[in-house]
1. I'd like to check something: does the range 126-135 contain any residue that is open to solvent by 80 Å² or more (accessible area, probe 1.4 Å) and of a type in the set (Phe, Trp, Tyr)?
2. Just name the residue that is nearest to Val23 (Cα to Cα) out of those in the range 86-120 that are part of a loop (DSSP other than H, G, I, E, B) and among the charged types (D, E, K, R).
3. Mind listing whichever residues of the range 47-75 are touching a residue at least 24 places away in the same chain (Cβ under 8 Å) and among the small types (Gly, Ala, Ser)?
4. Applying the selection to the range 64-96, what residues are of a type in the set (Ser, Thr, Tyr) and closer than 16 Å to Ile149 by Cα?
5. When you scan the range 58-89, how many residues do you find that are over 20 Å from Ser10 (Cβ atoms), more than 10 Å from the ligand (Cβ to nearest atom) and open to solvent by less than 60 Å² (accessible area, probe 1.4 Å)?
6. Among what's in the range 120-177 and is closer than 19 Å to His88 by Cβ and among the β-branched types (Val, Ile, Thr), pick the residue that is farthest from the chain's Cα centre (by Cα).
7. So which of Arg158, Arg53 ends up being in contact with a strand residue (DSSP E or B) (Cβ under 7 Å, 6 or more places away or on another chain), of a type in the set (D, E, K, R), open to solvent by 10 Å² or more (accessible area, probe 1.4 Å) and at pLDDT 95 or above?
8. How many residues does the range 128-177 hold that are within 30 Å of Ala86 (Cβ to Cβ) and polar (S, T, N, Q)?
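The values are calculated or read from the model by the stated rules, or taken from the named source; none is laboratory data. These figures come from a predicted structure and were not determined experimentally. Note that we place each Cβ from the backbone using ideal geometry, even for glycine, and neighbour counts take in every protein chain shown. The accessibility values were calculated without ligands, DNA or RNA, using every heavy atom of the protein model including side chains. Shrake-Rupley method; radii C 1.70, N 1.55, O 1.52, S 1.80 Å.
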Amino acid sequence: MATKKKNAKSSGNKKSKAASPLVAVIMGSQSDWETMRHADETLIQFGVNHVCRVISAHRSPSLASELASTAEAEGFEVIIGAAGGAAHLAGVLAAHTTLPVLGVPMKSDALNGLDSLLSTVQMPGGIPVGTFAIGKAGAVNAALFAVAILANSRSELREKLHRFREAQEAKIRATVL
Ligand code: RP5
């Protein structure tokens, strides 16, 4: 993963380069990057300024609480939390912020991601985490959902989402077997 700060990757379009990032893509380990790069690529595709960082709920708990506690004041509007196994990251982030937190369960070696899925989705009432599919599909969809949230107040993003769906459908229609 290319880095700007020590363990952070910052991306967006040229226009918004100077603007503060809107989405924080947080993953529990460097080993999650192979999956989470798809969220990064999707946000880049939509020109959404964002950061990608490795922060572990278990191995760096203070960093996790600090990130989530300060995210709103720093101008973030959505947080994506991805982790595998005992995947508590998204829940811990959500416990420290009222920003929307989207959870992406990683496909784990031991249980194929079922452990990650249940750890992410089974939140107690009062602290919501929007949980997505295990692995790549979840990474892409969490990013698309983040774009959809941002699009509620940004017409250019709403337009891009419409064009994305149209292109997706056109590709299916043009498929010849
Ligand atoms: C989780 O444990 C991470 O999110 C990762 O999916 C999993 C394994 O981490 P590593 O041992 O590969 O660092 O915290």
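1. Within the range 126-135, the subset open to solvent by 80 Å² or more (accessible area, probe 1.4 Å) is 128.
Remaining after also requiring of a type in the set (Phe, Trp, Tyr): none.
No.
2. Lys107
3. Gly47, Ser56, Ala57, Ala64, Ser65, Ala68, Ser69, Ala71, Gly75 - these are the residues of the range 47-75 that are touching a residue at least 24 places away in the same chain (Cβ under 8 Å) and among the small types (Gly, Ala, Ser).
4. Kept after step one, since they are of a type in the set (Ser, Thr, Tyr), are these residues of the range 64-96: 65, 69-70.
The answer is none; no residue qualifies.
5. 1
6. As a first pass, look at the range 120-177 and keep what is closer than 19 Å to His88 by Cβ: 120-135, 138-139, 142.
Right, trim to among the β-branched types (Val, Ile, Thr) and you get 120-121, 127, 129, 131, 134.
Numbers: Thr120: 13, Val121: 15, Ile127: 17, Val129: 12, Thr131: 10, Ile134: 13 Å.
Of everything passing the filter in the range 120-177, Ile127 is farthest from the chain's Cα centre (by Cα).
7. Arg53
8. Number of matching residues: 2.
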